Amino acid sequence: MTKAIEEPWGISVSGTGTVRAEPGLARVQPAVDVLESSPERAFQEAGAAVARLREVLRRHGVPDAAVSGSRLGLSSEYDGHGSERRLLGYRCQASYSVETRALDDLERLITDIVDAGAHRIDGVEFDVLDEQALRDEARRRAVAVARRKAQVYAEAADVRLGPVLHIQDVEAEPFAHFRAAKAGGGAGALAPGAVEVSAEVVLGFSLRH
């Protein structure tokens with residue numbers, strides 16, 4: 001069963017463009033997780049671990065401005081349920097985001113962060129330095145792909161392409177994330193070989209006979 005074209009005005013095609021670039025920075029997400037017998041003790045131990053963490057970051061040349069706190073919490077923790085529930089202590093958690101451009105030193109930085117008192121690394125994200133320029137190039141490539149596709153359809157249908165009548169950005173900016181390619185770059189085993197920046201567009205052309 002074929003679907004009828006309700007408003008036949010021309011041809012509409014999509015195109016995707018991708019640019020690959022070496023990562024220029026990394027965001028490491030260390031977390032401190034302390035369980036102690038009192039809230040005061042939990043805060044004290046967590047604070048000491050955070051102070052050691054800050055000192056390690058400064059030794060690695062990471063400025064304080066490149067460190068941001070994302071979560072700080074204190075909660076009581078129990079074992080068991082109901083009347084048999086037993087207080088285990090008070091858990092203090094603090095997590096941070098650390099941005100660094102020294103990718104060749106990344107593995108050592110993470111090792112030193114853990115040695116200084118971080119109880120876990122919640123993630124390591126890679127990014128590029130000139131995001132906007134790469135995204136603009138990806139959009140240009142997406143338009144070129146869509147135009148070539150439209151040209152093929154037009155030639156196959158024995159018609160000629162007219163001017164562009166409609167341009168639609170398919171993927172909204174906040175949801176257009178970077179995607180790490182297969183590992184193997186020169187920035188260490190933790191760094192991706194490249195970062196891919198993609199864009200997708202829909203172009204509408206008029207048709208001429």
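Worth a mention:
- At full extension, ILE121 and SER68 could sit 17.6 nm farther apart than now, given 0.36 nm per residue minus the alpha carbon distance.
- Surface share of carbon and sulfur [accessible, 1.4 angstrom probe, percent] for the range 1-108: 46
- Computed FRET value (nearest 0.05) for ARG108 with TYR78, which takes r as the C-beta separation and R₀ as 45 Å: 0.70
- Cut-off 17 Å, label 7 Å out along Cα→Cβ of ARG86, residues of the range 36-55 by amide N: 36-38
- At 1.567 mPa s and 4 °C, Stokes D of the range 20-178 from Kirkwood alpha-carbon radius, µm² per second: 65
- Point-to-point label distance, LEU25-ARG160, nm (Cα→Cβ direction, 7 Å offset): 5.0
The values are calculated or read from the model by the stated rules, or taken from the named source; none is laboratory data. Since the structure is predicted, the reported quantities are computational estimates derived from the model, not experimental observations. With ideal geometry, Cβ positions are generated from the backbone for all residues, glycine too; neighbour counts draw on all protein chains shown. We work out accessible area using only protein heavy atoms, side chains counted, and drop any ligands, DNA or RNA first. Shrake-Rupley method; radii C 1.70, N 1.55, O 1.52, S 1.80 Å.
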